[in-house]
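First comes the structure, then the notes that go with it.
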């Protein structure tokens with residue numbers, strides 16, 4: 001049973017990467033860029049010290065790069081080098097965004113977020129509890145591991161039709177599919193986290209007379225929390241994915257619906273508004289998860 | 001090979017027996033067949049004695065301690081520990097490796113024992129603060145272990161054990177991983193703290209110097225299977241000054257006496273390691 005921090009889904013990569021350019025995923029080339037910028041300034045001979053510190057240079061490059069890309073996009077569309085039917089100009093997308101924001105966008109965002117959050121909670125909470133038990137009790141682990149392993153391997157999208165059959169086309173089916181996906185993700189991480197707790201901490205607990213409940217609260221749960229959180233991060237990525245899928249298949253609201261409907265009515269600007277909104281929500285939610293992690297796991301904070 | 005008789009130290013320390021071990025043995029089921037870690041150990045430790053155990057690596061010292069701590073079952077013989085005061089825990093262990101909880105502050109780590117015994121914080125606070133202060137970590141009460149040095153972490157571990165006010169302290173090479181200076185400082189601190197409480201202590205070490213500085217008595221264990229080979233009383237007066245003690249001729253003589261017992265066992269353990277596949 002192995003879960004690692006690196007196996008973050010693409011959404012997590014994008015979200016975290018865009019927002020924290022110094023993270024290890026994309027720190028490499030960002031740092032390289034800024035270094036050459038600084039070196040160019042020093043070698044020109046006008047200044048002994050670089051005008052910008054390396055961090056400042058990196059930050060400016062981080063801000064300017066996407067802006068440059070947007071300007072390029074706009075220019076290419078205006079010059080009719082890009083087909084505006086598929087790649088509408090950023091300015092027109094902004095216009096659509098403003099008009100949608102005044103009408104239905106907030107509703108779509110609200111319903112999508114509530115589906116993701118409710119499904120996520122229904123899946124994550126029991127997964128943490130069961131995962132700790134699996135990690136602590138070898139017999140339970142032996143019984144559940146093969147089942148969990150087999151079920152985890154099924155792509156969750158594949159059971160969406162079955163879920164809709166069972167739960168209908170309403171909210172319940174969205175909660176259910178998200179909950180199922182999150183459940184397995186968090187369960188596996190939690191069980192691995194607890195099973196990997198250094199034996200010595202359990203020995204300390206026994207020697208100091210910690211009962212079962214105390215062992216859970218003072219050792220198993222906090223000891224596994226870093227890995228549990230890795231599972232939560234992965235699970236949240238999966239829930240966003242399934243949210244959009246489920247809303248595309250059977251919904252009359254939500255961001256997935258917005259994107260799907262704009263395909264059917266060929267309102268490409270609205271589709272882009274949906275895409276951008278989901279991207280921003282993804283970024284914001286992963287940023288919130290970062291904050292939550294720092295608050296919940298203060299001992300992981302770097303010195 | 002006969003284990004050393006128990007009566008001798010009992011006569012030297014006319015206090016009530018706290019730990020009585022008779023014919024204790026421990027057999028592990030390993031892949032290549034059963035392995036005898038401990039064989040036929042006889043031992044009586046009187047109340048309030050600071051007893052040190054030295055022996056070659058892998059001789060089962062830690063296993064003996066873990067059995068006393070209730071972390072392992074013995075497979076033969078008898079073990080009796082006198083639990084005099086039901087309000088106090090019988091044993092608390094200081095482990096060799098990093099064992100303080102990384103997810104708790106220094107304060108929460110030290111308060112762990114009383115909390116697990118259901119004592120409200122307001123009643124244990126003085127005791128907890130006292131030992132945090134004793135090991136010199138008052139300014140780090142709210143710090144997490146990753147902010148502390150190795151020596152400070154082991155201080156927390158020692159404070160955690162003392163704050164639990166056990167009748168018997170079990171210490172498994174607690175200073176083995178520390179550098180010389182830190183080790184000396186912690187030995188002195190340990191002596192100061194222990195002088196006040198005078199719990200019964202079983203202290204495992206591979207350092208003869210440490211055993212002589214700290215203990216009332218040194219037990220020498222044989223190579224695996226571990227049995228007791230020698231039982232040497234340490235007559236130095238308390239309170240002790242480590243650096244003065246080391247310069248006395250008696251310290252050198254005792255050191256030599258323990259080493260001459262231990263040397264053969266270390267050689268045997270080495271040979272066994274070399275032969276083993």
Under the definition of Cα pairs under 8 Å and six or more residues apart, what whole-number percent is the relative contact order of region A:99-300?
26
Taking the convex hull of the alpha-carbon atoms of region B:57-182 and averaging its shadow over every direction gives an area in square nanometres of 8.9
Just need the relative contact order of chain B here, percent rounded to a whole number, with Cα pairs under 8 Å and 6+ apart.
26
So how far, in whole Å, is the C-alpha centre of region A:180-206 from the one of region A:107-144?
14
Just need log10 I(q)/I(0) for region A:186-303 at q = 0.12, 0.17, 0.24 Å⁻¹, Debye formula, equal scatterers on the alpha-carbon atoms, no solvent, rounded to two decimals.
-0.61, -0.88, -1.26
Segment residue A:275-residue A:252, extension gain: residue separation times 0.36 nm, minus the distance between their alpha carbons
6.6 nm
For residue B:176 and residue B:192, compute 0.36 nm times the residue count separating them, minus their Cα-Cα distance, and round to one decimal in nm.
3.8 nm
Just to be sure I understand the curve: with the Debye formula and one point per C-alpha of region A:238-286, what is log10 I(q)/I(0) at q = 0.15 Å⁻¹?
-0.35
Normalise the Cα radius of gyration of region A:99-300 by 2.2 N^0.38 Å (N = residues in it) and let me know the number.
1.18
Please give the direction-averaged projected area of the C-alpha convex hull for chain B, in square nanometres with one decimal.
15.5
With each label point set 7 Å from Cα along the Cα-Cβ vector, what nm distance links residue B:80 and residue B:243?
4.6
How high is the FRET efficiency between residue A:157 and residue A:290 when r is their beta carbon distance and R₀ equals 25 Å, given to the nearest 0.05?
0.35
Evaluate the Kirkwood expression for the hydrodynamic radius of region B:169-277, namely the inverse of the mean inverse distance over all pairs of different C-alpha atoms, and round to one decimal in Å.
15.1
Here the equivalent ellipsoid of region B:102-258, derived from its Cα gyration tensor, has semi-axes (largest first, whole Å) of 30, 17, 15
How big, on average over all directions, is the shadow cast by the Cα convex hull of region A:136-221, in nm²?
6.9
With runs of 4+ DSSP H residues as the only contributors, calculate the mean residue ellipticity of the protein assembly as shown at 222 nm using -39,500 (n - 2.57) per run, divided by the residue total and rounded to the nearest 500.
-19000 deg cm²/dmol
What three numbers, in Å, describe the spread of the alpha carbons of region B:180-234 along their principal axes, ordered from the longest?
34, 25, 17
Using 0.36 nm per residue of separation minus the Cα-Cα distance, give me the extension gain between residue A:98 and residue A:142 in nm, one decimal.
10.4 nm
Along its three principal axes, how long is the protein assembly as shown when you only count alpha carbons? Whole Å, largest extent first please.
102, 72, 56
For region A:59-130, fraction of C-alpha pairs farther apart than 20 Å, in %:
60
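Just so you know, all these numbers are worked out from the coordinates, no wet-lab data involved. Small disclaimer: the values here were computed from a predicted structure and weren't measured. FYI the Cβ positions are ideal-geometry reconstructions off the backbone, even for glycines, and counts take in every protein chain you see.
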